[in-house]
Amino acid sequence: MDVKSVRDAFPILHQEVNGHPLVYLDSSATSQKPVQVIEKLDEYYRGYNSNVHRGVHTLGTKATDEYEGAREKVRQFINAQSTQEVIFTRGTTTAINTIASSYGRANLKPGDEIVITPMEHHSNIIPWQQVAKETGATLKYMPLQPNGTISLQDAEETITDQTKIVSIMHVSNVLGTINPVKELAAIAHKHEAVMVVDGAQSAPHMRIDVKDLDCDFYAFSGHKMCGPTGIGVLYGKRQLLNDMEPAEFGGEMIDFVNLYDSTWKELPWKFEGGTPIIGGAIGLGAAIDFLNDIGLEEIEKHEHELVDYAVEKMNQIDGLTIYGPEERAGLVTFNISDVHPHDVATVLDAEGIAVRAGHHCAQPLMRWLDVTATARASFYLYNTKEDIDRLVEGLQTTKEYFGDVF
């Protein structure tokens with residue numbers, strides 16, 4: 001992969017922050033956008049901004065073709081069986097809430113179990129907390145190994161015939177753990193439970209095949225994979241989606257409306273009430289084109305090289321603790337002794353280096369790690385080993401600064 005040509009496609013990277021060239025290491029929160037995506041959005045708003053599906057005029061037809069064309073790009077990107085299985089949402093959070101609200105409320109009852117893990121993002125915890133309270137189902141946590149991974153033996157012991165839903169993140173946004181979701185889906189299906197995968201941190205970084213994973217639902221966000229904010233995808237197996245009631249009601253998702261009853265459109269539109277996120281979907285389609293041109297396999301290989309290099313260099317810093325397993329996705333979460341992660345991030349920002357600090361929307365995991373917060377450097381296709389060298393230099397500066405203070 002020619003990283004220099006990749007970087008040239010991202011205008012935002014070619015600037016100085018606080019007098020230093022920008023090093024952007026916060027792609028797990030949101031990725032930067034290539035010029036191809038920016039220009040596609042500009043083209044839509046300048047050239048054929050119109051609502052979709054409803055109009056027969058030229059602009060409406062063009063917008064509809066591009067919007068539905070983006071759906072087909074998503075279908076191919078995740079290898080779904082049909083575009084009917086691809087629902088556009090506002091993001092991963094909305095997608096998981098839709099599953100919990102529509103599938104969960106209709107299929108759970110007292111005595112049933114929902115299985116998740118302590119490493120989950122809040123958006124894959126709170127919806128299940130709420131639906132458990134409403135239905136009387138039990139929320140059950142699969143234990144973690146000391147290095148932050150999942151044992152399939154623990155999974156076999158945790159998932160039972162009472163389990164109806166298993167919802168697991170594919171890649172941890174804190175630990176970088178790559179969870180065995182294919183094997184977990186097989187265990188879930190053995191007990192006739194459905195498998196939900198939070199793909200927010202996997203879809204941008206590795207080739208996804210929902211048929212091979214055999215997951216029942218898969219959710220991801222566009223803004224973490226070079227696309228616009230406010231657009232995401234809910235994949236669901238067609239039979240499950242057909243049997244589910246919509247989570248939102250209004251225009252666009254209806255077939256016939258009578259005074260006291262209504263019927264819904266077929267998939268996927270019955271889950272897309274109101275004017276959809278047209279520009280976002282079109283921009284996501286452009287992002288998929290961009291990633292496909294580079295190759296997800298190349299991106300994953302590049303990130304593994306970066307994270308191995310980062311772990312090697314950062315382990316040489318006295319007093320720095322790295323959290324998570326040895327085999328990980330492209331991020332490193334860490335703390336420096338006696339320095340709050342917010343202070344670490346502040347000093348790094350003064351050096352032009354952007355990292356994330358806080359609980360990363362994973363407070364239960366912070367308690368499992370016995371910390372209040374951590375700092376996180378996350379890598380993507382546009383990062384280089386020189387970026388990591390700058391990070392290591394910045395961390396040394398942080399240690400020296402706070403060593404003088406204390």
When you check residue 117 against the structure, is it free of Cβ contacts under 8 Å to residues at least 40 places away in the same chain, hydroxyl-bearing (Ser, Thr, Tyr) and more than 14 Å from residue 218 (Cβ to Cβ), yes or no? no
Apart from one, (1) outside the structural domain of residue 230 (by TED's automatic domain parsing); (2) not in a helix (DSSP H, G or I) all hold for residue 50; the odd one out is (1)
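Can you report the number of residues in the range 314-328 which are buried (at least 17 other Cβ atoms within 10 Å of the Cβ) and either aliphatic (A, V, I, L, M) or in a helix (DSSP H, G or I) (or both)?
Residues of the range 314-328 that are buried (at least 17 other Cβ atoms within 10 Å of the Cβ), as a first pass: 314, 320, 322-324, 328.
Now restrict to residues that are either aliphatic (A, V, I, L, M) or in a helix (DSSP H, G or I) (or both): 314, 320, 322.
Counting residues in the range 314-328 that are buried (at least 17 other Cβ atoms within 10 Å of the Cβ) and either aliphatic (A, V, I, L, M) or in a helix (DSSP H, G or I) (or both) gives 3.
Results for (1) modelled with pLDDT under 95; (2) within 20 Å of residue 204 (Cβ to Cβ); (3) in the same structural domain as residue 287 (by TED's automatic domain parsing), shown as yes or no for each residue.
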site: 8; (1), (2), (3): no, yes, no
site: 20; (1), (2), (3): no, no, no
site: 43; (1), (2), (3): no, no, yes
site: 54; (1), (2), (3): yes, no, yes
site: 61; (1), (2), (3): no, no, yes
site: 67; (1), (2), (3): no, no, yes
site: 72; (1), (2), (3): no, yes, yes
Residue by residue through the range 249-279, note down the ones that are touching a residue at least 24 places away in the same chain (Cβ under 8 Å) and in contact with a Phe, Trp or Tyr (Cβ under 8 Å, 6 or more places away or on another chain). 252, 268, 270, 272, 273, 276, 277, 278, 279
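Which one of these is of a type in the set (Lys, Arg) and buried (at least 17 other Cβ atoms within 10 Å of the Cβ): 71, 54? Don't jump to the end; show me each part of the working.
Working: 54 fails: buried (at least 17 other Cβ atoms within 10 Å of the Cβ).
The conditions single out 71.
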How many residues does the range 261-294 contain that are farther than 16 Å from residue 48 by Cβ, outside any helix (DSSP H, G or I) and not aliphatic (A, V, I, L, M)? 10
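Among the candidates 268, 325, which residue alone is of a type outside the set (Ser, Thr, Tyr) and assigned by TED's automatic domain parsing to the domain that holds residue 43?
Values: 325 fails: assigned by TED's automatic domain parsing to the domain that holds residue 43.
So the residue among 268, 325 that is of a type outside the set (Ser, Thr, Tyr) and assigned by TED's automatic domain parsing to the domain that holds residue 43 is 268.
Among 134, 68, 156, which is without any contact (Cβ under 8 Å) to a residue 24 or more places away in the chain, in contact with a helix residue (DSSP H, G or I) (Cβ under 9 Å, 6 or more places away or on another chain), of a type in the set (Asp, Glu) and in a helix (DSSP H, G or I)? Outline the logic, then answer.
Numbers: 134 fails: without any contact (Cβ under 8 Å) to a residue 24 or more places away in the chain; 156 fails: without any contact (Cβ under 8 Å) to a residue 24 or more places away in the chain.
Being without any contact (Cβ under 8 Å) to a residue 24 or more places away in the chain, in contact with a helix residue (DSSP H, G or I) (Cβ under 9 Å, 6 or more places away or on another chain), of a type in the set (Asp, Glu) and in a helix (DSSP H, G or I) holds for just one of 134, 68, 156, which is 68.
Which one is farthest from residue 217 (Cα to Cα) among residues in the range 161-190 that are among the small types (Gly, Ala, Ser) and not in a strand (DSSP E or B)?
So in the range 161-190, the residues among the small types (Gly, Ala, Ser) come out as 167, 172, 176, 185-186, 188.
Restricting the remaining residues to those that are not in a strand (DSSP E or B) gives 172, 176, 185-186, 188.
Numbers: 172: 18, 176: 21, 185: 10, 186: 14, 188: 13 Å.
Applying the filter and picking the extreme gives 176.
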Looking only at the range 350-406, filter to residues that are part of a loop (DSSP other than H, G, I, E, B) and touching a strand residue (DSSP E or B) at 6+ places or on another chain (Cβ under 6 Å); which one of those is surrounded by the most Cβ atoms within 10 Å (Cβ to Cβ)? 355
Can we say residue 108 is at pLDDT 95 or above, of a type outside the set (D, E, K, R), assigned by TED's automatic domain parsing to the domain that holds residue 161 and surrounded by fewer than 14 Cβ atoms within 10 Å (Cβ to Cβ)? no
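Output the residues belonging to the range 115-131 that are surrounded by 20 or more Cβ atoms within 10 Å (Cβ to Cβ) and either out of contact with any Cys (no Cβ under 6 Å at 6 or more places or on another chain) or closer than 17 Å to residue 164 by Cα (or both).
First, the residues of the range 115-131 that are surrounded by 20 or more Cβ atoms within 10 Å (Cβ to Cβ): 115-117, 119-121, 123-125, 127-128, 131.
Answer for the range 115-131, where residues must be surrounded by 20 or more Cβ atoms within 10 Å (Cβ to Cβ) and either out of contact with any Cys (no Cβ under 6 Å at 6 or more places or on another chain) or closer than 17 Å to residue 164 by Cα (or both): 115, 116, 117, 119, 120, 123, 124, 125, 127, 128, 131.
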Going through (1) over 27 Å from the mean Cα position of the chain (by Cα); (2) at pLDDT 95 or above one by one, residue 349 fails only at (1)
Select, from 344, 332, the only residue that is of a type outside the set (Phe, Trp, Tyr) and within 21 Å of residue 304 (Cβ to Cβ). 332
How many residues does the range 1-17 contain that are within 25 Å of the chain's Cα centre (by Cα) and closer than 14 Å to residue 32 by Cα? 8
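The values are calculated or read from the model by the stated rules, or taken from the named source; none is laboratory data. Keep in mind it's a predicted model, so treat the numbers as computed, not measured. Glycine also receives a Cβ, built like all others from the backbone with ideal geometry; neighbour counts cover every protein chain displayed.
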